[in-house]
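Here's the structure we're looking at; comments come further down.
The values are calculated or read from the model by the stated rules, or taken from the named source; none is laboratory data. Predicted model, so just to flag it, every value in this text is computed and none were measured. Neighbour counts run over all protein chains shown; Cβ positions are idealised from the backbone, glycine included.
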Amino acid sequence: MFNKKLTSVALVLVLLAGSLLTLSSDAGAWWIFGEDKDNNKKKVYTIRAGIGLNDKSAQFKALEKWKQMVEKRSDGRIEMELYHSSQLGDDREMMEALQLGTQEVTCPSTAPIGGFIPEFKVFDLPFLFPSNKAADYVLDGPVGQRLLKKLEKEGLIGLAYWENGFRHLTNSVRAVKTPADIKGLKVRTMENPIHLAAWEAMGANPTPMAFGELFSAMQQGVVDGQENPWGTIYLQNFYEVQDYVTNTGHVYSPFVLMVSEKFYDKLPSDLQKILRETAKEVKDYQRKINREMNAKYREKLKDKMNVTILSAEEKKAFQKAVQPVYEKYEEEIGAGLIKDVMNEVEEYQNK
Ligand code: TK8
């Protein structure tokens, strides 16, 4: 009798264990072992995301937010490592690393992208965008999205445009109120021929240079000046080696958040979707904090530097001085593309 009872209890236990395991396998994972039903560990994909700005920048804060979102939504199947201050190289080097598959994500200014996709140089045409909202309209619209698609032939996948911002001239020689004040200044530019041409048109001696080398080049007097948004000038401590800043606002620089195609193609489609969707969601956050920081540091720099604020009328002299750049680069960029961008700007202004 006792054996019979023992046997029936054992039978019930075996059936119960079997149904538990079946239940968990139906749930897509053996909950007891924390592994998937093929007894493989959950595959984790690691993203190394590198930028040139430091960890105080709006760009890095947006990367931190993106990291949180991606790791949460992927349930830990994507882990993101963040690197700032050119730790993984400068913009061009990091894009090359993405092409090779030795790095997964970077977020360069569009200027160095022009070395890979000539059409991106359209964003370096001086005074192209009248405001950052007009820039948003073009970048997030058909023209901007068409350009992002072109990155794929270079093994790069553009996820979203983030914002670097309007660029302003700093230097260690003199206050700049007119283009004549620029004559002879050694100005560092991004590695892009349109920037070189624009500063030559204004009478400067421009030098292309990676961002990571810029601070020491100014400190040693290798260059007299550079140009970047207010937030970068402040947060990278450029005021320590520069005395004068003028709100030239001569170019609006977008960033492009991009992922290595070699890496992206290995991801399951659900993880590809998470990267794309979260990159777009963080874009609005990044633009918002970037604008807040640029406004804040424009004021704070008044305590650190000799700040020259040009009137709209005074800015016209700079616009006139750089006009030849449009004719010079129309063929390389494409007259049609320049026209499309200008039409979209006008469309925005007439909204
Ligand atoms: C940082 C650069 C920087 C850019 C420059 O990686 O090079 O001056 O404005 O923000 O992309």
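One residue stands out in the range 164-200 among those that are within 16 Å of the ligand (Cβ to nearest atom) and of a type in the set (G, A, S): the one that is surrounded by the most Cβ atoms within 10 Å (Cβ to Cβ), namely A198.
Residue-wise test of (1) of a type in the set (A, V, I, L, M, F, W, C); (2) under 21 Å from K177 (Cα atoms).
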residue: M190; (1), (2): yes, no
residue: E200; (1), (2): no, yes
residue: L214; (1), (2): yes, no
residue: P229; (1), (2): no, yes
residue: I233; (1), (2): yes, yes
residue: Y239; (1), (2): no, yes
residue: Q242; (1), (2): no, yes
residue: N247; (1), (2): no, yes
residue: K262; (1), (2): no, no
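Cβ separations smaller than 9 Å between residues 6+ apart or across chains give the following pairs from the range 223-241 residues that are small (G, A, S) to residues that are part of a loop (DSSP other than H, G, I, E, B) and within 12 Å of the ligand (Cβ to nearest atom): G231/L53; G231/S57. The residue that is nearest to T178 (Cα to Cα), among those in the range 295-312 that are within 24 Å of the chain's Cα centre (by Cα) and charged (D, E, K, R), is R298. Only residues that are closer than 22 Å to I51 by Cβ and either away from the ligand (no atom under 15 Å from the Cβ) or part of a helix (DSSP H, G or I) (or both) were counted across the range 201-218, and they come to 8. Being under 19 Å from the mean Cα position of the chain (by Cα) and either surrounded by fewer than 16 Cβ atoms within 10 Å (Cβ to Cβ) or assigned to a helix (DSSP H, G or I) (or both) is a condition met by no residue of the range 238-246.
Residues of the range 97-135 that are farther than 25 Å from T189 by Cβ and away from the ligand (no atom under 16 Å from the Cβ): L100, G101, T102, E104, K133. Picking from residues in the range 74-91 that are crowded, with 18+ Cβ neighbours inside 10 Å and farther than 22 Å from N237 by Cα, the one that is nearest to the ligand (Cβ to nearest atom) is M80.
Take V256 and decide whether it is hydrophobic (A, V, I, L, M, F, W, C), over 22 Å from E313 (Cα atoms) and assigned to a loop (DSSP other than H, G, I, E, B). Answer is no for this residue. Considering each residue of the range 246-286, count those that are touching a Phe, Trp or Tyr at 6+ places or on another chain (Cβ under 7 Å) and either within 19 Å of L98 (Cα to Cα) or not hydroxyl-bearing (S, T, Y) (or both), and give that number. Counting residues in the range 246-286 that are touching a Phe, Trp or Tyr at 6+ places or on another chain (Cβ under 7 Å) and either within 19 Å of L98 (Cα to Cα) or not hydroxyl-bearing (S, T, Y) (or both) gives 13.
Residues that are assigned to a helix (DSSP H, G or I) and touching a strand residue (DSSP E or B) at 6+ places or on another chain (Cβ under 6 Å) occur in the range 125-143; there is at least one.
How many residues, within the range 275-313, are part of a helix (DSSP H, G or I), under 24 Å from D243 (Cα atoms) and at pLDDT 95 or above? Adding up the residues that qualify gives 14.
Of L148, L159, all but one fail to be more than 16 Å from the ligand (Cβ to nearest atom), within 16 Å of F255 (Cα to Cα) and surrounded by 23 or more Cβ atoms within 10 Å (Cβ to Cβ); the exception is L159. The lone criterion from (1) among the charged types (D, E, K, R); (2) under 18 Å from the mean Cα position of the chain (by Cα); (3) surrounded by fewer than 19 Cβ atoms within 10 Å (Cβ to Cβ) left unmet by R287 is number (3).
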